[in-house]
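**Q** Mind looking over this structure? Questions follow.
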Amino acid sequence: MTRATRQTTLASMAALPAVLLVVFLADLDVARDPKPPRELPAMAAWVAQHPADWLTASEIADSALDSSLPRRTELWHASYTLAQHLAPRLRNPPAAFVRGGLFHWYELSAADRKAVLDAASPLLRDPALFNDLHRPLFELTHDFHYLLRSAPSSLGALDSLRGIAAANGLFAEYRQTREAMARMRLAQFESSRASLAPHELPALLPWRITTADEPLVRRILVELQQRSFDAAKFGQPTQAMIEYAIQHRLQPLEGLAPFIGAPNVIPDVLRARLALALDRAEAASLIELGSSNAGTAEWVPYQLERARYEARHGNAAAADAHLRHAAVKGLDAAVLATAEECATLLHDEQAAAQFRRQLAATMKQPRVWSGTCGTNELCTSAETQVYSAGIVEIRADAAQSDQIAPYVEIYADDARVAEAAVADTRRFALALPAGVHRIEVQLVNPRIANGAQRRVRLS
């Protein structure tokens, strides 16, 4: 480019703003942006003159059914079709169409309702919109499977649907979403374990860990064994995970060793139990001696585990001392079963036989439930200990409900062993191995339609 050409080009560029300013001053209407009208008939006329105004078309779709126009349904459809054609990737048009349709749901034909649901389905993939719309949509349609198909792929969405299914007596759907959640947790772990920090892994677990979640617990234990981490960064879900791993003797436990020295992360009693599970009896003793609440009922699980540990090592006096500490609340089935096991390990058959007789006697005693909201009445969850020599029977009676039956799940040592609706009275026969078992009964639909507490009497 020559010097003269450059000068000419620059002069032209400098003159262009001046020319535009002259045009602007000569016709000030150029700067005015006329606003669309707010009344519905005027908006329709506006769109006829401005067919590219998809925002106004969306507003018409939102409010057309609110009007008294004789052809308001046609206007609702036509405005949505135009707005969707002009802005196919934006959610304003379908959101306006769906909002208008939902407010007038009972006035719509079956075809119009289907059109609303078809438009709403892609919107529900957004977690925030799903959270706002899923309950109103179910109340209008009672179509659970539509919501399940349209829901975002998230644990939160599945949990919301699980709650809807349980509350409305859709118990097969409740089981379906419950199992889908367990699969999704595993899938999330596999897809994100490399990107998640170690302290974020326990948060993938549910607040109540059962044997259905055990594969995920094992994977997290392996991951923690292979990675270094700061135990102080871990939060509340870690406690339930460690307690479950100890209770069920999962491996590998070595990766949890840093938590032995983390008093602000897990309770002292759990630190002592973890030390014992890792064969660090001296460390467990030091934690027990230094704890401010040692000797309370909270420490009974540790005392029982320590008694078995000492018996396996042939320390009869130490095992007996820990058994006495464990009996702080009396000789319940767990204490008697541990005493029988210790006596067997120490080859004291006479004492073992006596403890077995005492255990058999507990089967004839009235069952005591904890966590109830009345005399043996289940409102959310309740626990008891049973000694089984074969079959354990539990009777459930619906004490307060509505047309939807209470639905209970029964767990033995964290394994779901029975579940069913309790329309009136139901007896559960649990085939359990001989020994002491921790039984938990959960009520998955705790509220009736008016919000009152649903109750089930246990015996």
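The values are calculated or read from the model by the stated rules, or taken from the named source; none is laboratory data. Bear in mind that the values here come from a model prediction, so they are computed numbers and not experimental data. In this analysis, Cβ positions are derived from the backbone assuming ideal geometry, glycine residues included, and neighbour counts consider all displayed protein chains.
**Q** What about residue 216, is it outside any helix (DSSP H, G or I), under 23 Å from residue 258 (Cβ atoms) and more than 14 Å from the chain's Cα centre (by Cα)?
**A** On the way: outside any helix (DSSP H, G or I): no; under 23 Å from residue 258 (Cβ atoms): yes; more than 14 Å from the chain's Cα centre (by Cα): yes.
In short, no.
**Q** Moving to a separate point now. Anything in region 243-292 that is over 25 Å from residue 206 (Cβ atoms), modelled with pLDDT of 95 or more and among the polar types (S, T, N, Q)? List them, or say none.
**A** Hit for region 243-292 is 285, nothing else.
**Q** Here are 337, 317, 333: which of them is without any contact (Cβ under 8 Å) to a residue 12 or more places away in the chain, under 24 Å from residue 298 (Cα atoms) and hydrophobic (A, V, I, L, M, F, W, C)? If you could, list the steps in order and put the result at the bottom.
**A** Working: 337 fails: without any contact (Cβ under 8 Å) to a residue 12 or more places away in the chain; 333 fails: without any contact (Cβ under 8 Å) to a residue 12 or more places away in the chain.
None of the others qualify; the one that does is 317.
**Q** List, please: which pairs have Cβ atoms under 7 Å, are six or more places apart or on different chains, and start with a residue in region 349-366 that is in contact (Cβ under 8 Å) with a residue 12 or more places away in the chain and end with one that is of a type in the set (Ser, Thr, Tyr)?
**A** Close Cβ pairs satisfying both conditions: 352/344; 359/387; 362/387; 363/387.
**Q** Return only the number of the condition from (1) under 18 Å from residue 155 (Cα atoms); (2) touching a strand residue (DSSP E or B) at 6+ places or on another chain (Cβ under 6 Å) that residue 205 does not satisfy.
**A** Looking at each condition in turn, residue 205 falls short on (2).
**Q** Is at least one residue of region 293-307 closer than 26 Å to residue 243 by Cα, touching a strand residue (DSSP E or B) at 6+ places or on another chain (Cβ under 9 Å) and modelled with pLDDT under 95?
**A** no
**Q** Pull up region 125-159, narrow it to residues that are of a type in the set (Gly, Ala, Ser), buried (at least 19 other Cβ atoms within 10 Å of the Cβ) and assigned to a helix (DSSP H, G or I), then point me to the one that is nearest to the chain's Cα centre (by Cα). Step through it out loud before you land on a result.
**A** Pass one, region 125-159, residues of a type in the set (Gly, Ala, Ser): 128, 150-151, 153-154, 156-157.
So of that shortlist, the ones also buried (at least 19 other Cβ atoms within 10 Å of the Cβ) come out as 150-151, 157.
Narrowing further to those that are assigned to a helix (DSSP H, G or I): 150, 157.
Working: 150: 19, 157: 9 Å.
Among residues in region 125-159 that are of a type in the set (Gly, Ala, Ser), buried (at least 19 other Cβ atoms within 10 Å of the Cβ) and assigned to a helix (DSSP H, G or I), the one nearest to the chain's Cα centre (by Cα) is 157.
**Q** Based on what the data block shows, is residue 230 surrounded by fewer than 18 Cβ atoms within 10 Å (Cβ to Cβ) and under 22 Å from residue 311 (Cβ atoms)? Explain how you work it out, then say what you get.
**A** Working: surrounded by fewer than 18 Cβ atoms within 10 Å (Cβ to Cβ): yes; under 22 Å from residue 311 (Cβ atoms): no.
So residue 230 does not fit the description; no.
**Q** Looking for something in contact with a Lys or Arg (Cβ under 8 Å, 6 or more places away or on another chain) and surrounded by 18 or more Cβ atoms within 10 Å (Cβ to Cβ) - is there at least one such residue anywhere in region 310-326?
**A** Within region 310-326, one or more residues are in contact with a Lys or Arg (Cβ under 8 Å, 6 or more places away or on another chain) and surrounded by 18 or more Cβ atoms within 10 Å (Cβ to Cβ).
**Q** Shifting gears a bit: Out of all the residues in region 332-374, which are in contact with a strand residue (DSSP E or B) (Cβ under 8 Å, 6 or more places away or on another chain) and loosely packed, with under 12 Cβ neighbours inside 10 Å?
**A** Scanning region 332-374 gives 368, 370.
**Q** Oh, and also: Out of 109, 67, report the one residue that is more than 29 Å from residue 154 (Cα to Cα) and touching a Leu at 6+ places or on another chain (Cβ under 6 Å).
**A** Numbers: 109 fails: touching a Leu at 6+ places or on another chain (Cβ under 6 Å).
None of the others qualify; the one that does is 67.
**Q** For residues that are at pLDDT 85 or above and within 24 Å of residue 103 (Cβ to Cβ), scanning just region 38-56, find the one that is surrounded by the fewest Cβ atoms within 10 Å (Cβ to Cβ).
**A** Within region 38-56, the match that is surrounded by the fewest Cβ atoms within 10 Å (Cβ to Cβ) is 55.
**Q** Check region 60-75 and report whether any residue there is in the same structural domain as residue 44 (by TED's automatic domain parsing), within 17 Å of residue 117 (Cα to Cα) and more than 39 Å from the chain's Cα centre (by Cα).
**A** First, the residues of region 60-75 that are in the same structural domain as residue 44 (by TED's automatic domain parsing): 60-75.
Those left that are additionally within 17 Å of residue 117 (Cα to Cα): 61-62, 65, 73.
Subset that is more than 39 Å from the chain's Cα centre (by Cα): 73.
Looking for residues that are in the same structural domain as residue 44 (by TED's automatic domain parsing), within 17 Å of residue 117 (Cα to Cα) and more than 39 Å from the chain's Cα centre (by Cα), one finds at least one in region 60-75, hence yes.
**Q** On to the next question. In the list 197, 212, 187, which residue meets the criterion of being outside the structural domain of residue 259 (by TED's automatic domain parsing), among the small types (Gly, Ala, Ser) and either surrounded by 15 or more Cβ atoms within 10 Å (Cβ to Cβ) or farther than 13 Å from residue 242 by Cα (or both)? Reasoning before the result, please.
**A** Numbers: 197 fails: outside the structural domain of residue 259 (by TED's automatic domain parsing); 212 fails: outside the structural domain of residue 259 (by TED's automatic domain parsing).
So the residue among 197, 212, 187 that is outside the structural domain of residue 259 (by TED's automatic domain parsing), among the small types (Gly, Ala, Ser) and either surrounded by 15 or more Cβ atoms within 10 Å (Cβ to Cβ) or farther than 13 Å from residue 242 by Cα (or both) is 187.
**Q** Restricting the search to region 363-381, which residues are assigned to a strand (DSSP E or B) and touching a Leu at 6+ places or on another chain (Cβ under 6 Å)? Can you show your working first?
**A** Initially, region 363-381 is screened for residues assigned to a strand (DSSP E or B), giving 370, 374, 377-378, 381.
Residue satisfying the conditions is 378 alone.
Per-residue answers, yes or no, for (1) of a type outside the set (A, V, I, L, M, F, W, C); (2) under 24 Å from residue 167 (Cα atoms); (3) at pLDDT below 95:
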{"site": "406", "(1), (2), (3)": "yes, yes, no"}
{"site": "409", "(1), (2), (3)": "yes, yes, no"}
{"site": "417", "(1), (2), (3)": "no, yes, no"}
{"site": "422", "(1), (2), (3)": "no, yes, no"}
{"site": "426", "(1), (2), (3)": "yes, yes, no"}
{"site": "434", "(1), (2), (3)": "no, no, yes"}
{"site": "441", "(1), (2), (3)": "no, yes, no"}
{"site": "448", "(1), (2), (3)": "no, yes, yes"}
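**Q** Follow-up question, since we're still on this one. Check off (1) in contact with a helix residue (DSSP H, G or I) (Cβ under 9 Å, 6 or more places away or on another chain); (2) within 30 Å of residue 43 (Cα to Cα) for residue 127 and give me the number that stays unchecked.
**A** (2)
**Q** If you go through region 387-404 one residue at a time, do you hit one that is assigned to a strand (DSSP E or B), over 24 Å from residue 213 (Cα atoms) and acidic (Asp, Glu)? Can you show your working first?
**A** First pass over region 387-404, keeping only residues assigned to a strand (DSSP E or B): 387-388, 391-400.
From the residues that got through so far, the ones that are over 24 Å from residue 213 (Cα atoms) too are 387-388, 391-400.
Next, from what is left, pick out any that are acidic (Asp, Glu): 393, 397.
Yes, there is a match, as at least one residue in region 387-404 is assigned to a strand (DSSP E or B), over 24 Å from residue 213 (Cα atoms) and acidic (Asp, Glu).
**Q** Within region 393-449, how many residues are crowded, with 19+ Cβ neighbours inside 10 Å and touching a His at 6+ places or on another chain (Cβ under 7 Å)?
**A** Residues that pass the stated criteria total 1.
**Q** Then there is this: What residue, of 324, 308, is among the basic types (Lys, Arg), under 23 Å from residue 267 (Cα atoms), in a helix (DSSP H, G or I) and more than 39 Å from the chain's Cα centre (by Cα)?
**A** Selected residue: 324, the only one of 324, 308 that is among the basic types (Lys, Arg), under 23 Å from residue 267 (Cα atoms), in a helix (DSSP H, G or I) and more than 39 Å from the chain's Cα centre (by Cα).
Yes/no per residue for (1) of a type in the set (Ser, Thr, Tyr); (2) free of Cβ contacts under 8 Å to residues at least 24 places away in the same chain:
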{"position": "130", "(1), (2)": "no, no"}
{"position": "140", "(1), (2)": "no, no"}
{"position": "154", "(1), (2)": "yes, no"}
{"position": "158", "(1), (2)": "no, no"}
{"position": "166", "(1), (2)": "no, no"}
{"position": "170", "(1), (2)": "no, no"}
{"position": "183", "(1), (2)": "no, yes"}
